[in-house]
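Q: Quick one: the structure is below, questions incoming.
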Amino acid sequence: MRTRFQQEMEELREKLLRMGGLAELAVDRACQAYSERDLTRCRLVLENESLINVAEREIDERAFDILATQQPAAVDLRFILAVTKINSDLERVGDQAVNIAERVMDMIELPAADLPVDIPRMATAVGAMVRRALESFVDGKAELAQAVLEMDHVVDRMRDEAFIMLVRTMNERPQVTQQALDALLVARNLERVADHATNIAEDVIFWVLGADVRHHALAAAQPPDRPERQEQ
Amino acid sequence: MGVGITVEHVNAFYGKTQALFDINLVFQANHATALIGPSGCGKSTFIRCLNRMHETIPDARVEGTVRIGDLSVYNGTSATQLRRRVGMVFQKANPFPTMSIYDNVASGLKLNGFRNRKQLDEVVERSLNSAALWDEVKDHLHKKSGASLSGGQQQRLCIARALAVQPEVLLMDEPCSALDPISTGKIEDLIFQLKEQYTIVIVTHNMQQAARVAEFTGFFLLGKMIEFDKTEKVFRKPSDKRTEDYVTGRFG
């Protein structure tokens, strides 16, 4: 047993989980800020972005070190490749949270408008996707990751509906065009967060099953030929 | 050109102890195949079964069928006839210490009664070239002994000696385990080139080496062939958990 190697892998996993927590918190805060028109939460999201960026660099460096010094193979190699890609997706999730917070800050300066779009409902769905994607990573559960992939279609539909309704609002009530545009951009940011959660789920499937399911290549995913790994 | 090797139901014994259990394998011609596994797993025993080197050990015996091309290894073929077609390189370079570089390479041919000097010169040059050693030794072929070369050069000299008799198969038993990274790199490059002309079977403890040089990899454990597949499959997603545990360093 390569004890030091296993310790390094465990530390890498813990670092990524901490970063996942930061990214998830950033999205939650940004969505709450939208619902409550809360400037303080917006500022918190902006301030904490640097923590996510620092974590991204640390994880990349650690993964690079392990690749250079330990020559991992098989499930360990897939794990490190997955970690580096999930790391990048989580950093983008943080960026999207910042984009949402900036839109909310813009909206707060405008009069409140009653818009025909349920952003909190979309935020709940997207938050669940991020959470489940991270859970699938924690537990090494491909079926949980698979469920995340299926949720992506639901969020895409919500985004499409939001676009239709908000464009109609802009035509019918030009005085709230700016607010509708901000809401439209928030819907797009949330949909992108869902895309990143989908990417994370795909990477978990790659790690656990060795199957590449990107770009709807779901048929390539083979059922596990042995119980899924619980360690890591 | 290399030829394929077919191994069927091979069992090997040292006295009453069984070292290999029902090994079945097909080595493809002109490919390199790596055999990996922890110490004592039977991979060196197995490679020795391919050219009957086990016969040098008292009480060792082999059951089963091995065919190298159209040659049946265990059915009436003499060891000399077999080893003309199957060259072998060992863990520790073993040039004949009192012979010159030239004589080391020419020894196999001379042993077979080959005396034509001009043709011997050609074979020696061709073999040393194939072993990527010619440029380093061409100016003192007769002056220096094989033992005066560096470890990496000695190993390449042994490869040249094996190639001189124009075998179809080259067996390598941990050929780089005593070499530095530069010499190891040269031997690995060589293996890559040689497989165009020869079928290569290499036993190695260095899994990255297996991944670098071999198209196919077999994993041995406790005398059994656990998994045999394309090398990238073995190192990316092996089918058997025991293989995965070994290549990820969880045991062995």
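Q: Taking the Cα centre of the range A:48-186 as the origin, how large is its charge dipole in debye, to the nearest 20, when only Lys and Arg (+1) and Asp and Glu (-1) carry charge on their Cβ atoms? Display every interim value, and only then the final one.
A: Details: 14 positive and 25 negative charges, 55 e Å.
I would put it at about 260 debye.
Q: Of B:206, B:176, B:134, which is farthest on the positive side of the dipole of the range B:128-207, counting Cα position, with +1 on Lys and Arg Cβ, -1 on Asp and Glu Cβ, and the Cα centre as origin?
A: Checked the options; the winner is B:134.
Q: Another question, if that's okay. Over all directions, what mean area does the Cα convex hull of chain B project, stated in square nanometres?
A: Working: hull surface 53.4 nm².
It is 13.3 nm².
Q: Indicate, rounded to the nearest 5 percent, the antiparallel portion of the DSSP beta bridges found entirely in the range B:94-252. Each step should come with its number before you reach the end.
A: Numbers: 7 of 12 bridges.
So the antiparallel bridges in the range B:94-252 amount to around 60 percent.
Q: Using 24 Å as the Cα-Cα cut-off, could you pick out the over-long pairs in B:110/B:186; B:43/B:233; B:92/B:224?
A: Values: B:110/B:186 28 Å; B:43/B:233 20 Å; B:92/B:224 26 Å.
Distance filter (> 24 Å) returns B:110/B:186; B:92/B:224.
Q: Amide H to amide H under 5 Å from residue B:227: which residues, 5+ apart in sequence or cross-chain, H placed 1.01 Å off N in plane?
A: Counting only residues 5 or more places away or on other chains, the set is B:219.
Q: Please report, in debye to the nearest 20, how large the charge dipole of chain A is about its Cα centre when each Lys and Arg carries +1 at its beta carbon and each Asp and Glu carries -1 there. Please report the intermediate quantities before stating the final value.
A: Details: 28 positive and 42 negative charges, 21 e Å.
Here the size comes out at about 100 debye.
Q: Straight distance only, please: which lysines reach the Cα of residue A:85 with their own Cα at less than 20 Å, same-chain residues fewer than 8 apart left out?
A: Candidates past the 8-residue exclusion: A:15, A:141, B:237.
Q: Can you find, among B:167, A:211, A:110, the residue sitting farthest towards the positive end of the charge dipole of the protein assembly as shown, where Lys and Arg contribute +1 and Asp and Glu -1 at Cβ?
A: Value computed over the given set: B:167.
Q: Please give the FRET efficiency for residue A:37 paired with residue A:71, using the beta carbon to beta carbon distance and R0 = 56 Å, rounded to the nearest 0.05.
A: On the way: r = 53 Å, r/R0 = 0.94.
After rounding to 0.05, the efficiency reads 0.60.
Q: A further question on this structure: Would you mind telling me which residue in B:111, B:157, B:50 has the biggest mean-square fluctuation in a Gaussian network model of chain B, where springs connect alpha carbons within a distance under 10 angstrom?
A: Result for chain B, Cα springs under 10 Å: B:111 fluctuates most.
Q: Towards the positive end of the charge dipole of chain B, with charges on Cβ (+1 Lys, Arg; -1 Asp, Glu), say which of B:154, B:25, B:119 has the farthest Cα.
A: B:119
Q: Run through the range B:215-252 and list the chymotrypsin sites (Phe, Trp or Tyr not before Pro) located in a DSSP loop whose Cβ has at most 11 other Cβ atoms within 10 Å. Working shown, then result.
A: Values: sites: B:216, B:219, B:220, B:228, B:235, B:246, B:251; in loops: B:251.
Taking the range B:215-252 and a limit of 11 other Cβ atoms within 10 Å, the loop chymotrypsin sites (Phe, Trp or Tyr not before Pro) found are B:251.
Q: Rounded to the nearest Å, what's the spacing between the alpha carbon centres of the range B:1-28 and the range A:51-121? Just the number, please.
A: Each part's Cα centre sits 52 Å from the other's.
Q: Using the Cα centre of the protein assembly as shown as the reference point, and only Cβ charges (+1 on K/R, -1 on D/E), how large is the resulting charge dipole? Debye, rounded to the nearest 20.
A: On the way: 59 positive and 69 negative charges, 546 e Å.
That gives a dipole near 2620 debye.
Q: May I ask for the Rg/Rh ratio of chain A, computed from Cα atoms with Rh as the Kirkwood radius, given to two decimals? List each step's numbers first, then the result.
A: Numbers: Rg = 19.3 Å, Rh = 18.6 Å.
Taking Rh as the inverse mean 1/r over Cα pairs, Rg/Rh reads 1.04.
Rule-based calculations on the coordinates, nothing more; no lab input. These numbers were taken from a predicted model, which means no experiment stands behind them. We place every Cβ from the backbone using ideal geometry, glycine too, and count neighbours over all the protein chains shown.
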